[in-house]
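Have a look at the structure below, then the notes.
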Ligand SMILES: Nc1ncnc2c1ncn2[C@@H]1O[C@H](COP(=O)(O)OP(=O)(O)OP(=O)(O)O)[C@@H](O)[C@H]1O
Ligand SMILES: [Mg+2]
């Protein structure tokens with residue numbers, strides 16, 4: 001589905017991504033690493049938000065390295081960004097519907113997509129007429145994920161979805177992600193490695209812009225370096 005080859009990215013002279021190779025099939029994949037290791041930069045490269053300096057990104061056998069964000073979204077990649085951008089003055093349902101705007105195949109299936117999102121996040125159905133700005137932080141996070149699902153993506157990318165959530169909501173969010181992986185491929189970046197390893201099949205560890213480790217969730221959770229640096233044992 002997604003294939004990243006020898007990707008390099010710079011901000012001016014700062015070399016942020018170094019020869020990244022990463023693949024995602026029909027599965028759920030974690031992207032871990034400390035602050036500033038390049039996780040968001042890698043995601044921005046996939047979404048066409050920041051152009052890499054070299055290397056390639058293929059999605060379903062098609063080179064998307066130099067395609068603009070709007071067309072990448074239409075091809076079936078949806079992003080829940082690290083800085084969530086809801087429409088605060090619109091209600092929950094309007095925010096959800098906005099996720100399908102501009103994506104022709106998603107607009108055609110608006111009703112069934114809404115039902116799907118409401119079945120995953122029943123709280124959003126209860127609050128469907130409430131303004132987004134009045135939702136709690138956790139509910140807003142669910143809404144951001146729901147809105148991305150409204151685009152009917154083949155690949156859903158989430159950048160630090162658990163940031164700032166209380167522990168019980170983090171577990172709930174990852175349970176939902178584990179449910180979703182039956183129907184959509186997932187790439188999720190996380191500081192909360194312990195929780196996310198329960199929800200993903202495999203993971204990559206980025207350190208200083210390079211892939212330091214790549215293994216199954218099981219392999220990562222028993223790796224001494226991961227345990228020492230990311231699981232805090
Ligand atoms: N727009 C930018 N201009 C210049 N440097 C940037 C820009 N965005 C990020 N950087 C730098 O690139 C490096 C990687 O940043 P990036 O946001 O990709 O890291 P991250 O792994 O997502 O970190 P975090 O876990 O804090 O979200 C950092 O050193 C950061 O300061
Ligand atoms: Mg980031």
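The values are calculated or read from the model by the stated rules, or taken from the named source; none is laboratory data. Everything numeric here is computed off the predicted structure, so don't read it as measured data. Counting neighbours? That spans all protein chains shown, and the Cβs are built from the backbone with ideal geometry, glycine included.
Among the residues of the stretch 179-193, how many are away from ligand 1 (no atom under 16 Å from the Cβ) and over 13 Å from the mean Cα position of the chain (by Cα)?
Total satisfying the criteria: 3.
Residue by residue through the stretch 38-59, note down the ones that are more than 16 Å from ligand 2 (Cβ to nearest atom) and either closer than 18 Å to residue 207 by Cβ or in contact with a strand residue (DSSP E or B) (Cβ under 6 Å, 6 or more places away or on another chain) (or both).
Listed by number, the residues that qualify are 52, 53, 54, 55, 56, 57, 58, 59.
Quick check: anything in the stretch 54-74 farther than 24 Å from residue 192 by Cα, part of a strand (DSSP E or B) and within 16 Å of ligand 1 (Cβ to nearest atom)?
Just the residues of the stretch 54-74 that are farther than 24 Å from residue 192 by Cα, to begin with: 54-74.
With the extra rule that they be part of a strand (DSSP E or B), the set shrinks to 54-59, 62-63.
Still in the running and within 16 Å of ligand 1 (Cβ to nearest atom): 55, 57.
Within the stretch 54-74 (the criterion being farther than 24 Å from residue 192 by Cα, part of a strand (DSSP E or B) and within 16 Å of ligand 1 (Cβ to nearest atom)), the answer is yes, since at least one residue qualifies.
If I go through the stretch 1-46 residue by residue, how many of them are under 19 Å from residue 62 (Cα atoms) and either free of Cβ contacts under 8 Å to residues at least 40 places away in the same chain or crowded, with 19+ Cβ neighbours inside 10 Å (or both)?
Counting residues in the stretch 1-46 that are under 19 Å from residue 62 (Cα atoms) and either free of Cβ contacts under 8 Å to residues at least 40 places away in the same chain or crowded, with 19+ Cβ neighbours inside 10 Å (or both) gives 12.
Quick check on the stretch 215-233: of everything there that is assigned to a loop (DSSP other than H, G, I, E, B) and either at pLDDT 95 or above or within 18 Å of the chain's Cα centre (by Cα) (or both), which residue is nearest to ligand 1 (Cβ to nearest atom)?
Checked the stretch 215-233; the qualifying residue nearest to ligand 1 (Cβ to nearest atom) is 223.
I'd like the residue in the stretch 135-191 that is assigned to a strand (DSSP E or B) and more than 16 Å from ligand 2 (Cβ to nearest atom) and, out of all such residues, is nearest to residue 31 (Cα to Cα).
Of all residues in the stretch 135-191, those assigned to a strand (DSSP E or B) come to 155-159, 185-190.
Imposing the further condition that a residue be more than 16 Å from ligand 2 (Cβ to nearest atom) reduces the set to 155-156, 185-186.
Details: 155: 14, 156: 13, 185: 14, 186: 10 Å.
Per the criteria, the residue is 186.
All but one of (1) away from ligand 2 (no atom under 16 Å from the Cβ); (2) part of a helix (DSSP H, G or I); (3) over 19 Å from residue 119 (Cβ atoms); (4) touching a strand residue (DSSP E or B) at 6+ places or on another chain (Cβ under 7 Å) hold for residue 212, so report the exception by its number.
Only one criterion is unmet by residue 212, namely (2).
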